[in-house]
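Only the coordinates and a few stated rules stand behind these numbers; no lab work does. No experiment lies behind these values; they were computed from the predicted model shown. Positions of Cβ are backbone-derived with ideal geometry, glycine not excepted, and every protein chain shown enters the neighbour counts.
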Amino acid sequence: MQPTSKTHAVHPEVHHHEEPGFLQKYVFSTDHKIIGIQYGVTALMFLFIGYSLMAMMRWQMAYPGKPLPIVGGLLERILGDEAAGGVMSGNLYNAFGAMHGTIMVFLAIVPLAFAAFGNFVVPLQIGAPDMAYPRINMVSYQCYVVGGIIMLVSFFIPGGAAQAGWTSYVPLATVIATTGQTFWIVGMIFLITSSLLGAVNFLGTIIQLRAPGMTWMRLPFFVWAQFVTAFLLLLAFPPLEAAAVMQLMDKVAGTSFFYPTGLVVTGKLAAVSGGGSPLLWQHLFWFLGHPEVYVLILPAMGIVCEVLCNNTRKPIWGYRSLVYSVLAIGFLSMIVWAHHMYLTGMGTAISTFFQTTTMIISIPSVIILSVFFISLWGGSIRFNTPMLFALAFLPMFGIGGLTGLPLGFNFSDIALHDTYYVIAHFHYVVAPGTIFGLFAGIYYWFPKATGRMMNEFWGRVHFWLSLIFMNLVFQPMFAQGMAGMLRRMSDGGAYYSVRTNPGIPGALSDSIIYSNVTISHAAWALGLAQIPFIINFFWSMKNGQKIASDNPWEATTLEWQTPTPPPHGNFAKPIAVHRGPYEYSVPGHALDFVPQSEA
Amino acid sequence: MEIPYIVQPREDTGLYNAKVGIWLFLASEVMLFGALFSSYILLRVGAEVGTWPHGLLNIPIGTLNTIVLITSSVTVVLAWASLKMNRLGRFRLFQTGTVLLAMTFVVIKSFEYHDKFTHYEVVLKNSTSMTGHIEGSPMFWNLQKLNAGKIESFTFHPDAHQAGHPDNRAEAGETKGAHEAIKIATADITKLESYGPWHNTYLAIYFTLTGLHALHVIAGALVIGCILATSGAWWKRDPERLTNRVEVSGLFWHFVDLVWIFLFPVLYLL
Amino acid sequence: MSDNHAHDVKKDVKKYLAVFGALLLGTVLTVGAYYLHFTSVTVTITIALFIASVKGFLVAGYFMHLMSERKMIYGIMVATVFFFAGLMYLTVWSMEPTSLIHFKHVP
């Protein structure tokens, strides 16, 4: 190997180093592929933890007041009073609920969809040697880990974890006598910092490091999706960071940013200056909160596009529509946030404004979904595991999106706000929506990262079981919500059941309450259905079928033009792009695909 | 393959990587301070009529700090210009000036903060209330601390004009001792509170905004100082890269100045 | 942009010093306007923010070279400012109908 010279641009070969030690290579790596895998593995762990919290909550909902089997004793030993006799207390239920949301959104889905897939795939797909700021990339992962540890540690401190929902509404959040809320805020500050650094990295990389010939309109849609996602994170997270600092000050420094004058807490006037506004928190939270949900869905849409084109062997129909739609979604998502606040007493003019923008934003979402559906027409469809997940994404996201419409209208939201209908809506979008997209991505890019395919049979088992049980879990929740069953009730609504409290207004019927049992069983079965996936994932790394070429899916995008796994620096020599991202079945070519780099 | 455009700009964007990065970061900072400014507006507009304090901040000192920061913005850009003109000595001179001005700003700010932390509102059992300073200028005293420290009484210097009176713009609360000093017994006190962020929402948002801004000043000065300290070695090794770093840190510094340009009138004057 | 020759930068130096002067003047004007005690709150706020905006524009445009940057940076900052304005305006507008807020009586 030649020693490096000062003018690196002249020598195209891979930079010569001493072979880095284990720590440098795997723990303190600045290579985007390693960091992507680090994010991916950590995020999947948090996905599992978040699921476990919910699995325990579902027991309480199905069988309120009964001790938890298997884990009840363990909980009692670790958490003491809140799990006395193995029965989940109301406070513990709230803590699990708040942390389920926080962990799933900020520690599992966003890191997996944006940071893990983005880090691994985006530089490869644009023909870059790495991300633009590799050391910042490493720091952003480390901030994420620190934030995650803080969140997990909060379970074990006196008073327990945060209990005021993932939305941490004030004054409840600051009034609850647990330091868990403080941990939550500090953890959020680390997570927000991690996301901001990541966003800067993605945007800088996509803007500056596209290979020669990779024009904006030749970018794979996955890159466009990540680009818009990064912008949303960049601009929407800072107000939440500011709000988190203010809530922290309310909690530890006695300020009154969010304490209104005259607040009475447990019978006594709160010893604060007052003059603050609880609604201010809600505005700042949802200013992030709404773009955040687009952060959750856009990367999955990007993955679905890649997988669909590859497995229909035809270009996407309406590439430009996709691009303009995703840009429109990005822009509009920043001005719809108060549709989460219709019931806070805002006037009709302002709620009409937000209702209008909310309705308008459904249009580009529908366009994107329609583009995907239309692209199937006339395709030569290969029903492999990634394709099954990508195909299922379409109707599942469709259901999730359409059920959002009654929530977006302020008058119908009056009945549905804070009910199980909302839970069903957003879980449909994120669970059989985004997570299915992410599963598709894992099965699709696994061979590029490891050189082996995941087992196809068990992939299909995983798919069908997940699809069936996801629907069994979330479909009944629409009915529950429309019947008036509210969110965050630790007894699963038993207090309001016709059986226990017949005269109570809004009493819930037996079948609505019984749905809790079926939903819980389906949820546990859903968890069991992931076991083949987990085994498949780890087993295939060492024993999966080795791929015959670097491009086992016969795909057109640049990541398949690298060696497998891609070395440090990705491309042996600088790569040039000559055509669009989805040139499948081009007439006159011997093969049914033409890579982007082919002249 | 090496990462391109670290030093040389990319043709179509006209930018090198670090510059794109810092502008993106500054965009996020605009939203961060923007959220705090929005909070300020909301809290102020939402306050009961007559409760929003005026004249708690010293305007000549604030003006001085504004001039300090503006000057540091000029020295930072002149430092960069000097490097572009290959004048390393000039660069060092201007950049040292920047760091000194930054330190001056922080020192002045800490005096302002100290003045607030030693300023008190005391409410007596007979329902009278006064604002002023305590003999010896202790910080953060309250009733709990008095009882814990077994302090039975203290000397209090009431302000010339009592704060909270809406017709006392520009004078309230700042002059010491124009009234006679009086002795107050701890037993007579219902509430003793310093003018920290807990005292009212105006001070809460003031300390948050200026505190966050001061953190940015310190961070920026540290980065500029580090680049200055290592500039000799970098100038020899890769002068263009040094110039770019100076430019990028300068962009951050200008942003910090920009925030203050809005902070000063909003908090001190309006 | 980073290809300025020494004499171009010398011209820029003159511009920077001119901007410095303008910023100092702006500061004096802002503080002076304060001491003039306008009775109308709207006028006071408008003048203060107008002068601050001009100063901000000078810093961003000349010290930060925004005037000579191409579309990319410009576009990012315009979008940011737009969303910042949206956050401020929509948040305050949405609070209006509740009884706490009286736009007419800004203290």
## Note on the structure
Which residues qualify? For A:Val265, with a placed amide H closer than 5 Å and at least 5 residues away or on another chain, they are A:Ala270
### Query
Given H placed 1.01 Å from N in the peptide plane, which residues other than close sequence neighbours of B:His119 have an amide H under 5 Å from its amide H?
B:Tyr195
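Give, rounded to the nearest 20 debye, the magnitude of the charge dipole that the protein assembly as shown has about its Cα centre when Lys and Arg contribute +1 at Cβ and Asp and Glu contribute -1 at Cβ. Before the final figure, lay out the partial values.
Working: 53 positive and 49 negative charges, 242 e Å.
Computed charge dipole of the protein assembly as shown: roughly 1160 debye.
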### Task
Apply 1/(1 + (r/R0)^6) to the Cβ-Cβ distance of B:Lys125 and B:Leu215, taking R0 = 41 Å, and write down the FRET efficiency to the nearest 0.05.
0.50
### R0 of 51 Å, Cβ-Cβ distance A:Thr266-A:Glu598: FRET efficiency to nearest 0.05
0.10
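Helix-only mean residue ellipticity at 222 nm, the protein assembly as shown, DSSP H runs n ≥ 4 weighted -39,500 (n - 2.57), per residue, nearest 500. What is it?
-20000 deg cm²/dmol
List the DSSP H helices in chain A whose Cα atoms stretch 24 Å or more along the helix axis and whose mean Kyte-Doolittle hydropathy is at least -1.0.
Numbers: long enough: A:32-62 (44 Å, 0.95); A:134-153 (29 Å, 1.16); A:180-208 (41 Å, 1.43); A:221-252 (45 Å, 1.42); A:278-312 (51 Å, 0.95); A:348-376 (43 Å, 1.72); A:385-402 (26 Å, 1.69); A:456-482 (40 Å, 0.71); A:510-543 (50 Å, 0.67).
Passing helices, by number: A:32-62, A:134-153, A:180-208, A:221-252, A:278-312, A:348-376, A:385-402, A:456-482, A:510-543.
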### Query
Cβ under 14 Å from B:His254's Cβ, B:His254 left aside: what net charge do those residues give with Lys, Arg +1 and Asp, Glu -1?
-2
#### Entry: Over region C:1-69, relative contact order from alpha-carbon pairs under 8 Å, at least 6 apart, %
42 percent
### Query
So for B:Trp260, B:Trp253, fewest C-beta neighbours within 10 Å to most, what's the order?
B:Trp260, B:Trp253
### Qualifying trypsin sites (Lys or Arg not before Pro) in region C:1-90, DSSP loop, other Cβ atoms within 10 Å at most 13
C:Arg70
### Query
Taking the Cα-to-Cβ direction at A:Val27 and at A:Trp377 and moving 7 Å from each Cα, how far apart do the two end points lie in nm?
5.7 nm
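How would B:Cys226, A:Cys309, A:Cys143 line up from fewest to most surrounding beta-carbon atoms within 10 angstrom? Don't skip to the answer; put the middle values down first.
Values: B:Cys226 12, A:Cys309 28, A:Cys143 20.
With the fewest neighbours first, B:Cys226, A:Cys309, A:Cys143 line up as B:Cys226, A:Cys143, A:Cys309.
As an exercise, use a Förster radius of 56 Å and the Cβ-Cβ distance of A:Ile414 and B:Ile108 to find the FRET efficiency, rounded to the nearest 0.05. Walk me through the numbers on the way to the answer.
Working: r = 53 Å, r/R0 = 0.95.
The pair A:Ile414/B:Ile108 has a calculated efficiency of 0.55.
How big is the charge dipole of chain B about its Cα centre, in debye rounded to the nearest 20, if each Lys and Arg gets +1 on its Cβ and each Asp and Glu gets -1 on its Cβ?
Working: 20 positive and 21 negative charges, 172 e Å.
With only Lys, Arg, Asp and Glu charged at Cβ, the dipole is about 820 debye.
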### Message
Going by Cα centres, region A:532-589 and region A:271-326 are how many Å apart?
### Response
27 Å
### Message
On a straight-distance basis, which aspartates and glutamates could pair with B:Lys145 in a cross-link, Cα separation under 12 angstrom, same-chain partners fewer than 8 positions away excluded?
### Response
B:Glu193
### Query
Dividing the Cα convex hull volume of region A:355-413 by residue count, how many Å³ per residue is that?
66 Å³
### Task
Ignore the peptide's own chain and count Cβ atoms of other chains within 10 Å of each Cβ in A:330-341; give me the average, rounded.
2
### Query
For peptide A:227-234, how many partner chain Cβ atoms fall within 10 Å of a residue's Cβ, on average?
2
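Using alpha-carbon pairs under 8 Å, 6+ residues apart, how would you state the relative contact order of region A:484-544 in percent?
On the way: 29 pairs, mean separation 12.9, N = 61.
About 21 percent, as a whole number.
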### Task
Could you bin all the Cα-Cα distances of region C:1-69 into 10 Å bins starting at 0 and give me the percent of pairs in each, rounded to whole numbers?
18, 40, 23, 13, 5, 0
### B:Ser153 long-range amide H proximity, modeled H, under 5 Å
B:Thr186
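Show me the chymotrypsin sites (Phe, Trp or Tyr not before Pro) within region B:1-80 that DSSP assigns to loop and that have at most 13 other Cβ atoms within 10 Å of their Cβ. Let's see the in-between values first.
Details: sites: B:Tyr5, B:Tyr16, B:Trp23, B:Phe25, B:Phe33, B:Phe37, B:Tyr40, B:Trp80; in loops: B:Tyr5, B:Tyr16.
Listed in order of number, the matching sites amount to none.
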### Query
DSSP H helices in chain B with Cα extent of 30 Å or more along the helix axis and mean Kyte-Doolittle hydropathy at least 1.6?
B:201-229
### Pairwise label distance in nanometres, B:Asp12 with B:Ile67, each label 7 Å out on the Cα-Cβ vector
4.9 nm
### Listed peptides A:336-346, A:371-381 by packing density, highest first (mean Cβ within 10 Å)
A:336-346, A:371-381
### Shape category assigned to the protein assembly as shown from the gyration tensor of Cα positions, a/c cut at 1.5
oblate
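Counting only other residues whose beta carbon sits under 10 Å from that of A:Val87, what net charge do I get with K and R as +1, D and E as -1?
Details: positive: A:Lys66; negative: A:Glu76, A:Glu82.
Local net charge: -1.
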### Exposure proxy ranking, count of Cβ atoms within 10 Å, fewest first, for B:Val122, A:Val223, A:Val517
A:Val517, B:Val122, A:Val223
### Task
Let me have the relative contact order for chain A, percent, based on Cα pairs under 8 Å that are six or more residues apart.
15 percent
